[in-house]
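This report refers to the structure that appears directly beneath it.
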Amino acid sequence: MTATTPDERTSSDAAAATQAEVSAEIAEIAAAYAASGSTETGPRLDYAPYRSSVLRHPTKDPHHADPEGIELWSPVFGHRDVDPLEADLTIAHRGEPVGERMVVTGRVLDGAGRPVRHQLVEIWQANAGGRYIHKRDQHPAAIDPNFTGVGRCLTGADGRYRFTTIKPGPYPWKNHRNAWRPAHIHFSVFGTEFTQRMITQMYFPHDPLFALDPIYQAIPDPAARERLVAAYDHDLTTPEWATGYRWDIVLTGTHRTPTEQEDDQ
Ligand SMILES: [Fe+2]
C-alpha cells in the first residue's frame, strides 16, 4: 500500500465543481425563473446545483396511502411525554455550551392566521462551531460536550413555540469545492398525525452564504425563501442573557413556509 498525497486524498473534492460554477448555475436558473412568471414557491426537488438531489429526488407521484391505515402502525406520543425542559438546549449537560445564547420563538399558524395549538415542534442543529454530533460530520471543528443540539416543545394555546439554544455556526459540506451551509436550525412540525409531519430550516438575517447555497436557492421565489429567515427582535433579547429571534411557521396558503425532503443537509 502506498501513501496518498494530500491531493489524492481530496481527489473526490478536487473533481467537484467550484463555487463559481455552482453560483453560475444558480444564477441561470434564477434568471429563467424570473422570466417565466412562475408562481411556484416550494423548493425544487430536481435542482442541479444541489448535487445529491439530482439522483435521489422522487420522479414519480408518491404512492397514496390511506392515512388512517398508517396511523395504526405509526409512532405515537402523548403530550405528557414532552418535558418543558426539553425546550432549553443549553441545560442538557453539566456545563454551559460555548457560543451565543439565544431565544427562538414564533407561532405555528394555518393559512388563515389561526394558531395551531399543541403541536410537537422538534429542532436539531449544529453547535456554535458548525459541528453536529453525527458520524457523518467529521470536519475539524470541536464537539461541544455541553451541547447535543436537539430539542422539542409543544405549541401553546396561541400556537407559540419557544426554544433557548446556541446560535449555530455555518459548516462545510461536500456538494462542491468549498461549499458552506448558511447557519440554520432544522425544524419539524409533527401535525396531529404522523402523515402530516413537515420539515424545514430556519436561517438568520443577512447571512453572506445565502447567495452561494444551493439548498436555500433551490426555492426559486425570493419572497418564499425569505420566509425561512428569522427576524432579530431586540424586545426579545434579554439583558446579560440571550439574543432573541422571531420566526413564524405557516402551514398552508399563499404565505406558506417552504418545506423540504427529510434528509436534506
Ligand atoms: Fe443542517
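A few points about this structure:
- The set of residues from region 102-158 being among the β-branched types (Val, Ile, Thr) and either more than 15 Å from the ligand (Cβ to nearest atom) or under 18 Å from ASP248 (Cβ atoms) (or both) comprises VAL103, VAL104, THR105, VAL108, VAL116, VAL121, ILE123, ILE143, THR155.
- As a summary of the residue check, ILE215 satisfies the conditions (1) touching a strand residue (DSSP E or B) at 6+ places or on another chain (Cβ under 8 Å); (2) outside any strand (DSSP E or B); (3) under 15 Å from GLY99 (Cα atoms); (4) among the β-branched types (Val, Ile, Thr) except for the one numbered (3).
- So ARG225, is it among the basic types (Lys, Arg), in a loop (DSSP other than H, G, I, E, B) and farther than 19 Å from VAL103 by Cβ: no
- If the condition is being closer than 30 Å to PRO239 by Cβ and of a type in the set (S, T, N, Q), then region 54-108 contributes THR90, THR105.
- Residues in region 159-205 that are away from the ligand (no atom under 13 Å from the Cβ), farther than 25 Å from THR243 by Cα and crowded, with 20+ Cβ neighbours inside 10 Å: HIS176 alone.
- Of all the numbered requirements in (1) more than 30 Å from ALA24 (Cα to Cα); (2) in a loop (DSSP other than H, G, I, E, B), GLY130 misses one, and that requirement is (1).
- In summary, GLU240 fulfils each of the numbered conditions (1) over 27 Å from ARG117 (Cα atoms); (2) in contact (Cβ under 8 Å) with a residue 12 or more places away in the chain; (3) among the acidic types (Asp, Glu) with the single exception of condition (2).
- Here region 69-101 is the region considered, the condition is being at pLDDT below 90 and not in a loop (DSSP other than H, G, I, E, B), and the residue that is nearest to the ligand (Cβ to nearest atom) is ASP81.
- Restricting attention to region 32-72, the residues that are over 22 Å from the mean Cα position of the chain (by Cα), farther than 16 Å from ARG225 by Cα and surrounded by 10 or more Cβ atoms within 10 Å (Cβ to Cβ) total 6.
- In a residue-by-residue description of region 191-198, the property of being part of a loop (DSSP other than H, G, I, E, B) and of a type in the set (Ser, Thr, Tyr) applies to at least one position.
- Enumeration of residues in region 173-190 that are assigned to a strand (DSSP E or B) and in contact with a Lys or Arg (Cβ under 8 Å, 6 or more places away or on another chain): TRP173, SER188, VAL189
- Near pairs, Cβ below 9 angstrom, 6+ apart or cross-chain, from region 86-105 (free of Cβ contacts under 8 Å to residues at least 60 places away in the same chain and under 20 Å from LEU154 (Cβ atoms)) to any residue that is in a loop (DSSP other than H, G, I, E, B) and of a type in the set (Val, Ile, Thr): ALA92/THR148
- Subset of region 206-229 (residues that are within 15 Å of the ligand (Cβ to nearest atom) and either among the hydroxyl-bearing types (Ser, Thr, Tyr) or touching a Phe, Trp or Tyr at 6+ places or on another chain (Cβ under 7 Å) (or both)): LEU209, PHE210, PRO214, ILE215, TYR216, ALA218, LEU228
- Given (1) in contact with a Lys or Arg (Cβ under 7 Å, 6 or more places away or on another chain); (2) outside any helix (DSSP H, G or I); (3) farther than 19 Å from ARG101 by Cβ, index of the condition LYS135 fails: (1)
- Residues of region 187-222 satisfying the condition of being free of Cβ contacts under 8 Å to residues at least 24 places away in the same chain and under 19 Å from SER38 (Cβ atoms): PRO222
- Top-ranked residue of region 125-158 - restricted to ones that are farther than 19 Å from VAL108 by Cα, surrounded by 17 or more Cβ atoms within 10 Å (Cβ to Cβ) and aliphatic (A, V, I, L, M), ranked as nearest to the chain's Cα centre (by Cα): ALA126
- Single residue of ALA15, ALA27, ALA65, ALA3 found to be modelled with pLDDT of 95 or more and of a type in the set (A, V, I, L, M): ALA27
The values are calculated or read from the model by the stated rules, or taken from the named source; none is laboratory data. On a predicted model such as this, the values are computed, not experimentally measured, just so you know. We place every Cβ from the backbone using ideal geometry, glycine too, and count neighbours over all the protein chains shown.
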